[in-house]
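Structure record follows, encoded as structure tokens.
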Amino acid sequence: MSLKHIALIVDGPTEEGSIRAKFNMLYQCCPEIRNGPGNGTTFSIEGYAKGVLPTLILLLKTDVRAIILIPDLEKRREKAPNFSKKMKAAISKLLLADPNFSPQYIDETIYVCPPDIMFENWIISDVEGIKNCTELIKVESVQDKFDGKNGSSQLQKIMRTKYKKTVHAKQLFKKTRESESADNSPSFSEFQNIFNKLKEKHCNT
């Protein structure tokens, strides 16, 4: 199986490294990964859409058949599902300026799955998994529904040491279990469902 027909667009190197390590562990291969134009504290929906447009167009000229954008929700006031709809609408509007892209093609090719509210929320969507596989997490830590909370702050509370994003995110995300993460995080569940559907459609040939 090759996952190269799917591309992921993430906020930065922490997400890229963590996701790449996770997929290589699970599948011995990884989707195409690109960095987006910025994070949720600096870009409006329209600004992000304009910034990511050149990357989308370049990817769609390759063998990539589907793209999942994973921008952190961060401090935006939008709820994750509504944000996803607005972001896809903004991207669709820009892509439709090119006659090579139809509404149906865009609908079947472009997906938006933001962590709620940041990538660390997906890490702590399986506290038991990361606790049992590493000494970084306090033994007394318990699972909660963390979506909508500051994932970085919540992760720091259950760690034995100071959380260093560039060091610990990749270590911890590899230890999460997909089924448990989906049960505890609606935003991760949405990503998993879409990715699995696209994997079945595009990557089994």
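Summarising the overall dimensions of the stretch 127-192 from its C-alpha atoms, the Rg and Dmax are 11.3, 31 angstrom.
Once the Cα-Cα distance is subtracted from the 0.36 nm per residue extended length, the Met25 to Val139 segment shows a gain of 38.5 nm. Between the labelled values (i) 66, 31, 25; (ii) 57, 39, 26; (iii) 85, 36, 30, the entry that holds Cα extents along the principal axes in Å as derived from this structure is (ii). Summary of the geometry: the stretch 50-107 and the stretch 136-205, compared by the centres of their Cα atoms, lie 23 Å apart.
With θ taken as phi - 60° and the Karplus curve 6.51 cos²θ - 1.76 cosθ + 1.60 applied, the whole-hertz 3J(HN,Hα) list for the stretch 66-71 is 7, 10, 10, 8, 10, x Hz, x standing for glycine and proline. Computed on the stretch 57-196, with alpha-carbon pairs under 8 angstrom and 6+ residues apart, the relative contact order is 26 percent. Under 9 Å from the Cβ of Ala90, count the other residues' Cβ atoms, weight Lys and Arg +1, Asp and Glu -1, and hand me the total. For residues surrounding Ala90, the net value is +3. Return the subset of Lys174/Lys201; Lys175/Lys201; Lys22/Lys138; Lys61/Lys197; Lys50/Lys162 for which the Cα-Cα distance in this structure is over 32 Å, preserving the input order. The pairs that break the limit, which is 32 Å between Cα atoms, are Lys50/Lys162.
Comparing Ser181, Ser92, Ser44 in a Gaussian network model of the chain where C-alpha atoms under 10 Å apart are linked, the largest mean-square fluctuation is found at Ser44. Tell me the angle of helix 186-202 to the major Cα principal axis of the chain, expressed in degrees between 0 and 90 and rounded to the nearest ten. Roughly 50 degrees between the two axes. For Leu8, the residues whose amide H sits under 5 Å from its own are Glu32, Ile33, Arg34, Ile68, ignoring neighbours fewer than 5 places away on the same chain, with H placed 1.01 Å from N. Dividing the summed -39500 (n - 2.57) terms of all DSSP H runs of n ≥ 4 by the residue count of the chain sets its mean residue ellipticity at 222 nm at -15500 deg cm²/dmol. Antiparallel beta bridges, as assigned by DSSP with both residues in the chain, represent about 10 percent of the total such bridges. Does the stretch 1-69 classify as rounded, prolate or oblate by the C-alpha gyration tensor (a ≥ b ≥ c root eigenvalues; a/c under 1.5 gives rounded; else a/b over b/c gives prolate, otherwise oblate)? Verdict is oblate for the stretch 1-69.
Values quoted throughout were computed directly from the atomic coordinates according to the rules given, and no laboratory measurement underlies them. What you see is a predicted model; the values in this text were computed from it and never measured. Neighbour counts run over all protein chains shown; Cβ positions are idealised from the backbone, glycine included.
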